[in-house]
Amino acid sequence: VPTARLALVAVGLVAAVALFLLVRPGGDDEPAVQPATTAPAETETAETEAETGTAPAATTAEPAETETEPAQTAPDPDAPVNVRLTFIDGRVQGGIQRPSVRQGRLVRIVVRADVADHVHLHGYDVMRNVAPGAPAQLQFRADIPGIFEIELEDRGIHLADLEVRP
Amino acid sequence: VSWVLAHGLGAVRDLPVPLWLFYYGAGLVLIVSFVALGALWKRPLLERHADGGRELPAGLRRVLLSRPLRIVLQTGSALLLLLVFLAALIGEDSVAANIAPTFVYVIFWVGLVVLVVLLGNVWPVLNPWRAVADFAAWLGGLGGVAWSAPARYPERLGRWPAAGGLFLFTALELCYPNSARPPTLALAIAIYSWLTWLGMAAFGREAWTQNGEAFSSYFSLLGRLSAFGARDDAEGRRTLVVRTPASTLARGGWKPGTVAFVTVMLGSVAFDGFSGTRFWQDRVFAVESPLALDSPGLANLAVTGLNLLGLLAGVAAVALIYLLAVEGARRAAGRSDSLADDFAGSLVPIAFAYALAHYFTLLVLQGQALWYLISDPFGRGWDLFGTASYRPVLDLLSPNTVWYVQVGALVVGHVLGLALAHDRAVALFRSPGKALRTQYAMLVLMVAYTVGGLWLLSTG
């Protein structure tokens, strides 16, 4: 009887490994399927929000903005993905934004606010001053995957979550 | 400026586990559970090993249990508490540059858990509050003053004060937006120290440590997962043993309040995961944003209140599922008394799996900050050991590694939980048939916890 049980456990283990190899997407470098189909759309929301304001560096970067989705044609890694956030009357316009970018992309976050504060991107640890009429601009290479909070540092107000996908 | 990670330190989270891995993990859990039903044993195996195992080599035992080593460790630990408290009190008011937040929420709260599971429960010799109390008692003894505790610890209270203490600590960590700020930590350390010493003075050092002190219960329960343990031998001498990991969790007869304690362990980590979801963050935003500019204090209070409701709901949900399952097991076995206290041990591996899954990245990445923080603990620009300019390696873990560790921890925790619950059942009931019937309810419980935990990891 113990042999039968051990065999059962062994069969279970083999089945588990087989199932894993079966369902695991391709190679390691292939991106895992993300449940977040909404993420690229929300990047766009962030963009549309910003269109009411005068975007300082928007003209050159506009085409790159829609390319946060898995692109068929390899995106130019040096074309920055723009994320614009507006903080007026104590709230981020459009609620907490969740822009999503590919690892390795150049990201430019522009934050406009009607208060003086610091904009802090945690993890990457980029911090810039912001004041009425003087938007903060954070530019960096998104080389660490994860979800990173963007915060108005002094007031401790959560503005957005930047998702960097592998 | 430096790397600041999630949870008490707020702000960076793991990418959600991809859906395919979620389904794979959940499927694996179901397969494992059914294979387990067929492969289960008919007589208690784990519990039998609880008193077994081998003693460590005599030389090693002598060194590890020696008085000088204990004195060194206790002194070091008490000084460390003092250092962290002073840093929190008079150091720079910065979450990243001050050593206190990283030490409390990463090294102590997460790192020690891993250490205890690897090496056995080392907390009794590291407990700084106990060290200070022991020192005070020793000093008193020298001066001819013997303090005898004025009250007897009420047995029926059991671990309830510890469960309350753990709940308050997790409430501070997870609900209060400024939980990682050094002034908050200074106050928290002061209050906790004062309560602990008051408890020890009132009920005696040993009684309060065993029952009321939250972290002693925490590390003692988790330490049972380890292969190493300390116990008194037949002649009442303290000895160190290697034994089957988790075997002492297969015993019943837990103190009152143990179920509450373990559900706080599980429920708080579950809420930590849940509070990172879009759903919850949008709720927090809705509560916070109308107040954020004009009355930031009120906004903090509102957010704390909302989080507190969430934490309570998390703990209540975990407790409810457990109580329903043991009620199902009780009916299946036709018993008249509740079985709630009997299966508490089977939740401990799941609680550890939850903690590991959620805090693994925090420990590995933010833990590196200790290396430069020890050179400048107060955040004043010192460089005591020449390590102040060290920069942590932040791309140490690929998302794939993190996901496999998370799902692996939950699946292994699930298997251990099942094994412990089954072992307990065959120890309680003479007839294997009856034991097996009680296991259907426990199986549903374990699957609910594990798949729930996986779901939390996969929800962004």
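Read-outs: derived from the displayed coordinates by stated rules, not from any lab. Owing to the predicted nature of the structure, the values given are computational and were not obtained by experimental measurement. Don't worry about glycine lacking a Cβ; one is built from the backbone with ideal geometry, like all the others, and counts go over all protein chains shown.
A few comments on the model shown:
- The ellipsoid that matches the Cα gyration tensor of chain B has semi-axes, each √(5λ) in whole angstrom, of 34, 30, 22, with the longest given first.
- Semi-axis lengths, largest first, of the ellipsoid equivalent to the stretch B:250-307 are 35, 13, 5 Å, with √(5λ) applied to each eigenvalue of the Cα gyration tensor.
- Relative to one another, the C-alpha centroids of the stretch B:135-192 and the stretch B:375-420 are positioned 27 Å apart.
- Average beta carbon contacts from partner chains per residue of A:146-157, 10 Å cutoff: 5
- Only helices enter this figure: runs of n ≥ 4 DSSP H residues, each worth -39500 (n - 2.57), summed and divided by the residues of the protein assembly as shown, yield -17000 deg cm²/dmol at 222 nm to the nearest 500.
- Full-extension gain in nm, residue B:148 to residue B:168, via 0.36 nm per residue minus C-alpha separation: 4.3 nm
- Over the stretch B:308-426, the ratio between the Cα radius of gyration and 2.2 N^0.38 Å evaluates to 1.58.
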